[in-house]
Ligand code: G4P
Ligand code: NA
Ligand code: NA
């Protein structure tokens, strides 16, 4: 997505060869117009899939997730990372290990909000090693629901999450695919047309 690539080039800060900081529009401050366009773009890509629920993880997946859910006219569910005092329902859970942060989180979704009738689109802000997406897929499988696909705002194509998921036959659509962050320069994977 052109406007996203432009925003990354203008405002992204390369912190290391593997980490891109995008706090000005995605991970701290949110650009609502860009978010709306991203939601519409994901909705267009998955329009014909019969999506009944959009699923993400708190916190940075929520903004693109809600705009996608609005465009698809389907509710958004965000998996929780921490135990909630009000979340007393039966839960689907998955362990998600972050290679980036070297920590494990238990993510959970109430059994109330996913059922075997659901066809679920996963949305997330970043795709690195794919552990978050794999955790969400496990939750969808536990619920007996089906997976429509995965929409990612920024895929770091030099890490292996995208390959792992596509090798499993999952449809992964990323709005920006980064080939490299070497020498403090963002290089995108060349796309045909989008
Ligand atoms: P994985 O799920 O693909 O394996 O990713 P990983 O464990 O590496 O990611 C852990 C956290 O770091 C996630 O956020 C993810 O979005 C974020 N992340 C990974 N690589 C980058 C990067 O290059 N830049 C930025 N800005 N974030 C990155 P989280 O801990 O779930 O936090 P939240 O922002 O959703 O609250
Ligand atoms: Na995230
Ligand atoms: Na994040």
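Does region 52-62 include one or more residues that are exposed (fewer than 13 other Cβ atoms within 10 Å of the Cβ) and out of contact with any helix residue (DSSP H, G or I) (no Cβ under 8 Å at 6 or more places or on another chain)?
yes
Which of (1) modelled with pLDDT of 95 or more; (2) exposed (fewer than 15 other Cβ atoms within 10 Å of the Cβ) does residue 83 not meet, given it meets every other one?
Looking at each condition in turn, residue 83 falls short on (1).
Restricting to region 147-172, name every residue that is surrounded by fewer than 18 Cβ atoms within 10 Å (Cβ to Cβ) and within 18 Å of residue 42 (Cα to Cα).
Passing the criteria: 166, 171.
Kindly provide the set of residues from region 2-23 that are surrounded by fewer than 15 Cβ atoms within 10 Å (Cβ to Cβ) and either in contact with a strand residue (DSSP E or B) (Cβ under 6 Å, 6 or more places away or on another chain) or closer than 28 Å to residue 115 by Cα (or both), ordered by number.
Listed by number, the residues that qualify are 13, 15, 21.
Restricting attention to region 24-64, which residues are within 15 Å of ligand 1 (Cβ to nearest atom) and under 15 Å from residue 119 (Cα atoms)?
Passing the criteria: 55, 56.
Among the numbered criteria (1) surrounded by 20 or more Cβ atoms within 10 Å (Cβ to Cβ); (2) within 10 Å of ligand 1 (Cβ to nearest atom); (3) within 28 Å of residue 33 (Cβ to Cβ), which one does residue 130 miss?
In the conditions (1) surrounded by 20 or more Cβ atoms within 10 Å (Cβ to Cβ); (2) within 10 Å of ligand 1 (Cβ to nearest atom); (3) within 28 Å of residue 33 (Cβ to Cβ), residue 130 misses (3) alone.
Specify which of the listed residues (136, 127, 147) is modelled with pLDDT of 95 or more and within 30 Å of residue 10 (Cα to Cα).
127
Could you tell me which residue of region 43-68 is nearest to ligand 3 (Cβ to nearest atom), considering only residues that are closer than 12 Å to residue 121 by Cα and assigned to a loop (DSSP other than H, G, I, E, B)?
Among those residues, the one meeting the criterion is 51.
Give the number of residues within region 129-158 that are in a strand (DSSP E or B), without any contact (Cβ under 8 Å) to a residue 40 or more places away in the chain and within 11 Å of ligand 2 (Cβ to nearest atom).
Going through region 129-158 one residue at a time, the tally reaches 1.
The values are calculated or read from the model by the stated rules, or taken from the named source; none is laboratory data. Please read all numbers here as calculations on a predicted model, not as lab measurements. With ideal geometry, Cβ positions are generated from the backbone for all residues, glycine too; neighbour counts draw on all protein chains shown.
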